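What follows is one structure encoded as structure tokens, with my remarks underneath.
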Amino acid sequence: MIHKRILVTGGAGFIGSHLCERLLNEGNEVICLDNLFTSSKDNIAHLLSNKYFEFIRHDIIHPIYLEVDEVYNLACPASPIHYQYNSIKTIKTSVMGAINMLGLAKRVKGKILQASTSEVYGDPLIHPQDEEYWGNVNPIGPRSCYDEGKRCTESLFINYYFQNKVRIKIARIFNTYGPRMHPNDGRVVSNFIIQALQNKPITIYGDGNQTRSFCYVDDMIDGLIKLMDTNDHITGPINLGNPDEFKIIELAEMIIKLTNSKSKIVYQPLPEDDPIRRQPDITKAKTILNWEPKIHLKTGLIKTINYFENIIKNNVF
Ligand code: NAD
Ligand code: UDP
């Protein structure tokens, strides 16, 4: 028996493909919508033969009419290299994409979840970051197309709730990693693993003392689904991430050790507006969703290293 028909925008991407897989395994019908800007069909190839899975190549800046019970709105380039490649398009994807998806959710009276981000806190002045913090974002810096796009999307979501009673959810996702990250998108976990596996220099930007808190993708999927399943009174943003905070230099050392790599660390300039500290306060997620990450960084890194070992061996990138 099919439970729900669910639309996942950005469903061929890193997080989206894991989400599609999980929703299918839980007995749902899944429509995956993606323009394949930062992903490929390889991420969903194993799902294409499932009769409850459908892929639509579409750009969410254009309207689309579908009949679904729920929408997970993940479509948006997520790594700094990808979202800065065509910054105006990134803003359009966030803002026009959200308007289209909110309009769809309103028409079908469905629930809609937005994949927001810890970047709404910018380079935060409070630590750890809780949902009450309004953030410290440079509105004209190189990260602004992404950060302000996502902030505007949150505003759209809450206003569709106030004005039209659309059943919204906002997840503020903190750095997430795992298999199917794009090998060339420049994010720190995939970069370091690929460099280490090839015994190439590990590129630390800045002095490596900046911090991030890394969440394994399976934990993130649990959190996203739990948030979607909350009742209609839960509308405000909820942080989803792993509160274990690491310096980037610690991450590099851990990856070198786990891969038995001969790589040496090299230091390169810190990109403009690169946040110095980031750690989620997940009290709200713990209380409201009864959720917290279970997978430690080392365990998640080993799974991710295995994935990249395979794609390097098979020359898939
Ligand atoms: P990703 O780049 O792997 O996935 C994004 C997907 O969206 C890709 O498949 C891409 O082709 C698609 N896409 C981009 N623009 C589109 C458009 N205009 N129309 C249709 N599809 C489009 O990135 P990800 O890490 O899987 O991120 C998924 C979502 O989660 C994004 O919205 C991102 O902002 C958010 N997020 C991710 C992280 C993280 O650490 N991975 C952190 C915070 C927020
Ligand atoms: N980083 C690094 N070397 C790399 C890639 C990234 O030192 O090869 C740093 C980057 O400057 C940032 C952190 O790692 O401080 C996380 O970067 P990522 O792009 O993964 O995510 P975000 O900055 O969006 O959190």
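The numbers here are math on the coordinates, done by the rules we state, and not lab data. All figures in this text were calculated on a predicted structure; none of them were measured in a lab. All Cβ positions, glycine included, derive from the backbone under ideal geometry; neighbour counts span all protein chains shown.
Side notes on the structure shown:
- Coupling constants for the stretch 14-29 follow from the phi torsions by the Karplus curve (6.51 cos²θ - 1.76 cosθ + 1.60, θ = phi - 60°), and in residue order they are 4, 5, x, 5, 5, 5, 4, 4, 5, 5, 5, 4, 8, x, 9, 8 Hz; glycine and proline get x.
- In this structure, N164 and I311 have a Cβ-Cβ separation that, at R0 = 45 Å, corresponds to a calculated FRET efficiency of about 0.55.
- C-alpha long axis of helix 188-197 to longest principal axis of the chain, angle in °: 40
- Farthest towards the positive end of the charge dipole of the stretch 108-157, among the residues P124, Q114, S144, is the Cα of Q114, using unit charges on the Cβ of Lys, Arg, Asp and Glu.
- A straight Cα-to-Cα reach below 21 Å connects K111 with the lysines K4, K150, K165, K169, K226, K284, residues fewer than 8 places away in its own chain not being considered.
- When the chymotrypsin sites (Phe, Trp or Tyr not before Pro) in the stretch 15-113 are filtered for DSSP coil states and for at most 16 other beta-carbon atoms within 10 Å of their beta-carbon, the remaining sites are Y52, Y65.
- Exposed GluC sites (Glu not before Pro) absent - longest run of the chain, DSSP non-H/G/I/E/B, at most 12 other C-beta within 10 Å: 133-271
- Straight Cα distances below 23 angstrom link K257 to the lysines K200, K247, K294, K298, K303, K313, with same-chain residues fewer than 8 positions distant left out.
- The chain - charge dipole about Cα centre, Lys and Arg +1 at Cβ, Asp and Glu -1, debye rounded to 20: 500
- When R180, R187 are arranged by Cβ crowding within 10 Å, least crowded first, meaning fewest neighbours, the order is R187, R180.
- Dipole of the chain, positive direction: furthest Cα of I204, I88, N239, with charges on the beta-carbon: I88
- The Stokes-Einstein estimate for the stretch 129-214, based on a Kirkwood radius over Cα pairs and taken at 10 °C with 1.306 mPa s viscosity, is a diffusion coefficient of 99 µm²/s.
- With a simple spin-label model that places each label point 7 Å from the Cα along the Cα-to-Cβ direction, the separation between T283 and H296 comes to 2.7 nm.
- DSSP bridge orientation in the stretch 175-317 - percent antiparallel, rounded to nearest 5: 35
- 17 Å Cα-Cα reach of K41 towards lysines, excluding residues that sit fewer than 8 places from it in its own chain: K51
- Residues I311, I173 in ascending order of nearby Cβ atoms (within 10 Å, fewest first): I311, I173.
- Where a label projected 7 Å from the Cα of T203 along Cα→Cβ would reach, residues of the stretch 259-287 with amide N under 20 Å: 261-276
- Mean ellipticity per residue at 222 nm, deg cm²/dmol - from DSSP H runs of n ≥ 4 across the chain, formula -39500 (n - 2.57): -11500 deg cm²/dmol
- Each of H182, H46, H233, H127 has some number of other Cβ atoms within 10 Å of its Cβ, and from fewest to most they run H233, H46, H127, H182.
- Vicinal HN-Hα couplings computed from phi for the stretch 258-275 (Karplus, 6.51 cos²θ - 1.76 cosθ + 1.60; Hz; Gly/Pro x): 5, 9, 6, 7, 9, 4, 9, 8, 10, 9, 10, x, 6, x, 4, 6, 5, x
- Computed 3J(HN,Hα) for the stretch 38-50, one whole-Hz value per residue from the Karplus formula 6.51 cos²θ - 1.76 cosθ + 1.60 where θ = phi - 60°, is 10, 8, 9, 5, 3, 5, 10, 4, 6, 9, 5, 7, 6, glycine and proline marked x.
- Normalised by the number of residues in the chain, the mean separation of alpha-carbon contacts (under 8 Å, six or more apart) gives a relative contact order of 17 percent.
- Peptides 262-270, 298-306 ranked from most to least packed, by the mean per-residue count of other Cβ atoms within 10 Å: 298-306, 262-270.
- For the stretch 68-147, the dipole from Cβ point charges (+1 on Lys and Arg, -1 on Asp and Glu) about the Cα centre works out to 540 debye, to the nearest 20.
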